[in-house]
Amino acid sequence: MPVIRRSEQNTSEPFPGAKATAMAGAATGSEYLTVGELLVEPGARSAYHIHPNTEESIFVIEGEIEFRLGSNRFRSSSGDCVLATRGIGHGLENVGDTTARLITMYPSPSPERAEIPEVDFTDAPPENGAFFRGKVESFEFAPGVTRYDMVGDFLGSESTYFSELTFAPGSIAPNHYHPAHEEAMFCLSGDLKAVYADDDDVPLPAGDIFTCEPTVRHGIFNDSNESATLLAMHPVLNPPPRVLVD
């Protein structure tokens, strides 16, 4: 599956004041997941809704977002992540003064959506379903690569493993393949290189996304002079089965 360049990604307006960019899904050949970017203007608010056939992860890159999740209403900011499990009502509103930027991920190539009535909310974070960056420490995944695991069974997920990795200059995530699922890798910042099948030097700059099929060799490295950040998304629970290769 090729890298989908930023210039090739289609946009739409999912609700007033919002712009959605489709980065991976059925239209790009994915059989396992859907990934998108969402820009939300100040004051814009999505409808309260559910996904009957899948869960959704929402990662806040920039901005101040008020989430409605189940019967809870709470705020999240840069680096936080929210999981709406299958059939659970949720919505969001940009309560900040600047455009918010988010990444959405579904472990399904064709997520369904249905609007439902609002409920009475309690102003408090939920006991489960929200990852707050300030309460968690990153860990070393490989030499020069630090990682936050943001969504997995520890957050109540049924089929998502969502991580953020920061690559120092010269660092490498080991080459591997996944026997039975895809992996989507979105370059959030900086300039990375991807390994794909027999190609060991695929450019992956910020804004591009690379989705690798099952059983295909892949990896990521940073040969630039600046740090770079990657979002790694798996439509399976943690830890995703993988096989290391050269």
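The values are calculated or read from the model by the stated rules, or taken from the named source; none is laboratory data. On a predicted model such as this, the values are computed, not experimentally measured, just so you know. FYI the Cβ positions are ideal-geometry reconstructions off the backbone, even for glycines, and counts take in every protein chain you see.
Key figures for this structure:
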{"quantity": "Which listed residue is crowded, with 22+ Cβ neighbours inside 10 Å, of a type in the set (S, T, N, Q), within 27 Å of GLU213 (Cα to Cα) and not assigned by TED's automatic domain parsing to the domain that holds ALA232, from SER30, SER76", "calculated": "SER30"}
{"quantity": "Tally, over the stretch 168-183, of residues that are of a type in the set (Gly, Ala, Ser) and touching a Ser or Thr at 6+ places or on another chain (Cβ under 6 Å)", "calculated": "1"}
{"quantity": "Flag if LEU237 is under 19 Å from the mean Cα position of the chain (by Cα) and assigned to a strand (DSSP E or B)", "calculated": "no"}
{"quantity": "Filter result for ARG217 (more than 18 Å from VAL82 (Cα to Cα), touching a residue at least 12 places away in the same chain (Cβ under 8 Å) and surrounded by 15 or more Cβ atoms within 10 Å (Cβ to Cβ))", "calculated": "yes"}
{"quantity": "Subset of the stretch 166-198 [in a loop (DSSP other than H, G, I, E, B) and under 13 Å from ASP223 (Cα atoms)]", "calculated": "ALA168, PRO169, GLY170, SER171, GLY190"}
{"quantity": "Meets criteria (touching a residue at least 40 places away in the same chain (Cβ under 8 Å) and touching a Lys or Arg at 6+ places or on another chain (Cβ under 9 Å)) for VAL119", "calculated": "yes"}
